[in-house]
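The values are calculated or read from the model by the stated rules, or taken from the named source; none is laboratory data. Fair warning: this is a prediction, and the values are worked out from it, not measured in the lab. All Cβ positions, even for glycine, are placed from backbone atoms using ideal geometry, and neighbour counts span all protein chains on display.
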Amino acid sequence: MTMTPDDYSDLNNPDIPIPDELKSNIAITTLDRIYNWSRARSVWPLLFGLACCAIEMIATAASRYDPARFGMEVMRPSPRQCDLMIVSGTVTKKMVPQIVRLYNQMAEPRYVLAMGACASGGGPFKEGYNVVDGIDKFIPVDVYVPGCPPTPQALLHGFITLHKKIEGQSIMSVPWYKKGQSEAIPVPVLGPDLIDPRQGELIQAASEGEYSAQFETDENA
Amino acid sequence: MYGLGIIKGLGVTLKHLVETYVDDFRWGVRRYTTDDGFVARQSTDTRGIFTVQYPEEKLAVPERFRYIPFLVVYDDDHPDHPGEIWCTSCGICTKVCPPQCIWIMRGKHPETGRPIPDPEYFYIDIDICMNCGLCAEYCPFDAIKMDHDYEIASYDRTTAHIFDKAKLSKPLSYWQKIAPSRALEEHLARETK
């Protein structure tokens, strides 16, 4: 992102007066501000995509929208080297363990951006048999970007929202400088299928019985 | 001959590169500083590659662009029905919504308790909404329309991303502003009815 004079004035501490003749030479800031300013302008996303939202994410990463302006152009293929996980697309139950594992492997400070309806709340697949309705059921999400899929500009707005969050944090209270290790999130285990196709005939019989029973009671009522 | 396709492809890339600079020379600084330059870059006739400097300048969205739905209300200065909502709480939008993201409750008259054509509450979970626009297509009263505002990312899903009636309501003049030709079309169709 190109720095405008407003950004610099935000970085300076307005409480301490600087003489006019020194204003172009001296910048007084707090540790929090310089720390967050540098952190917010070098957020490296994790290189992975899940569904159609990933296409929009790729479009955002290309030169037309150029996230290099925000210092976000380096998509790292390793969770050890990145700060931001863009959950871009439908999270299936089969994919959740891998995502949680990647999240656990990311070094703190780490952020998660739920991109699109599916990652935020399940979208059209909510209550589906094979789709998780929102990745926030498993890992903490920092920014939700609605849309199906969000346009590149909407995703960039999500990035800017994340930058604002980063700039609001304080070095005194962030969890990754507290004593002790941060707890890893337990990796969910894929349970048995809700529907076993081998029991198809039994299921059909049961559901037909249920349906006819319901029908009868409706008729009687 | 082998490799001709590669050379052709490289030619296309080279053409883009050259055209980017040709346009820069033709327009000079005006391409990035003036409104005319911005319009020229947005048009379909523009040549070359350029970056959309997103937060500072935004791509103009087409009229048919659709994002989250909103509810049309009369403007506050309307002579007969100031600020009145168009929705009659018929519930067709909730029935056609493929991901079932709309919750609606018909309002009741405070004294008689009879149902009135005004929703008591109207919620859209915008993190479920898939922007298909079926609600706007099916609404018999043109009361729900697709918005163009895409800058709605936030930190919390439950408090910020479940839009209520107040947050969804937008005046008719807003719809006429974002989709002038469609608003006129609908207006004429209502007049002739």
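The table for this structure:
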read-out	value
Residue pairs meeting the criteria (Cβ under 8 Å; at least 6 apart or on separate chains; first charged (D, E, K, R), in the range B:36-48; second outside any helix (DSSP H, G or I))	B:ARG41/B:PHE50
Number of positions in the range A:70-90 that are buried (at least 19 other Cβ atoms within 10 Å of the Cβ) and either closer than 14 Å to A:GLY116 by Cα or of a type in the set (D, E, K, R) (or both)	7
Complete set of residues in the range A:94-143 that are assigned to a loop (DSSP other than H, G, I, E, B), at the interface with chain B (Cβ under 9 Å from one of its Cβ atoms) and of a type in the set (Val, Ile, Thr)	A:VAL141
Qualifying positions in the range B:41-51 - under 16 Å from A:ARG64 (Cα atoms) and either of a type outside the set (Val, Ile, Thr) or within 14 Å of chain A (Cβ to nearest Cβ) (or both)	B:ARG41, B:GLN42, B:SER43, B:THR46, B:ARG47, B:GLY48, B:ILE49, B:PHE50, B:THR51
Residue among B:ARG64, B:ARG157, B:ARG106, B:ARG114 that alone is within 11 Å of chain A (Cβ to nearest Cβ) and either exposed (fewer than 13 other Cβ atoms within 10 Å of the Cβ) or not aromatic (Phe, Trp, Tyr) (or both)	B:ARG157
Lone qualifier among A:LEU84, A:LEU113, A:LEU47 - being closer than 19 Å to B:PRO55 by Cα, touching a strand residue (DSSP E or B) at 6+ places or on another chain (Cβ under 7 Å) and hydrophobic (A, V, I, L, M, F, W, C)	A:LEU113
Index of the failed condition, A:ASP133 passing every other in (1) over 21 Å from B:ARG157 (Cβ atoms); (2) in contact with a Gly (Cβ under 6 Å, 6 or more places away or on another chain)	(1)
Evaluation of B:ASP80 against (1) out of contact with any Cys (no Cβ under 8 Å at 6 or more places or on another chain); (2) in contact (Cβ under 8 Å) with a residue 40 or more places away in the chain; (3) of a type outside the set (Gly, Ala, Ser); (4) more than 24 Å from A:SER63 (Cβ to Cβ) (one fails), failing number	(2)
The one condition in (1) at pLDDT 60 or above; (2) assigned to a loop (DSSP other than H, G, I, E, B); (3) surrounded by 14 or more Cβ atoms within 10 Å (Cβ to Cβ) that A:MET1 fails to fulfil	(1)
Only one of B:ASP45, B:ASP24, B:ASP75 that is modelled with pLDDT under 85, acidic (Asp, Glu) and surrounded by 11 or more Cβ atoms within 10 Å (Cβ to Cβ)	B:ASP24
Residue count, the range A:59-93 (criterion: small (Gly, Ala, Ser) and part of a loop (DSSP other than H, G, I, E, B))	5
Close pairs from the range A:64-77: first free of Cβ contacts under 8 Å to residues at least 24 places away in the same chain, partner surrounded by 18 or more Cβ atoms within 10 Å (Cβ to Cβ), Cβ under 6 Å, at least 6 apart	A:GLU73/A:PRO67
Pairs, first within 14 Å of B:ILE152 (Cα to Cα) in the range B:120-132, second hydrophobic (A, V, I, L, M, F, W, C) and surrounded by fewer than 20 Cβ atoms within 10 Å (Cβ to Cβ), C-beta under 7 Å, six or more apart	B:ASP125/B:ILE162
Within the range B:121-193, helices (runs of 4 or more DSSP H) holding 1 or more residues that are touching a strand residue (DSSP E or B) at 6+ places or on another chain (Cβ under 6 Å)	B:134-138, B:157-160, B:165-168, B:172-178
Which numbered condition A:LYS165 fails, given (1) surrounded by fewer than 20 Cβ atoms within 10 Å (Cβ to Cβ); (2) more than 10 Å from every other protein chain (Cβ to nearest Cβ); (3) of a type in the set (D, E, K, R)	(2)
The range A:31-56, residues that are more than 14 Å from chain B (Cβ to nearest Cβ) and either among the small types (Gly, Ala, Ser) or closer than 24 Å to B:MET130 by Cα (or both)	A:SER38, A:SER42, A:PHE48, A:GLY49, A:LEU50, A:ALA54, A:ILE55
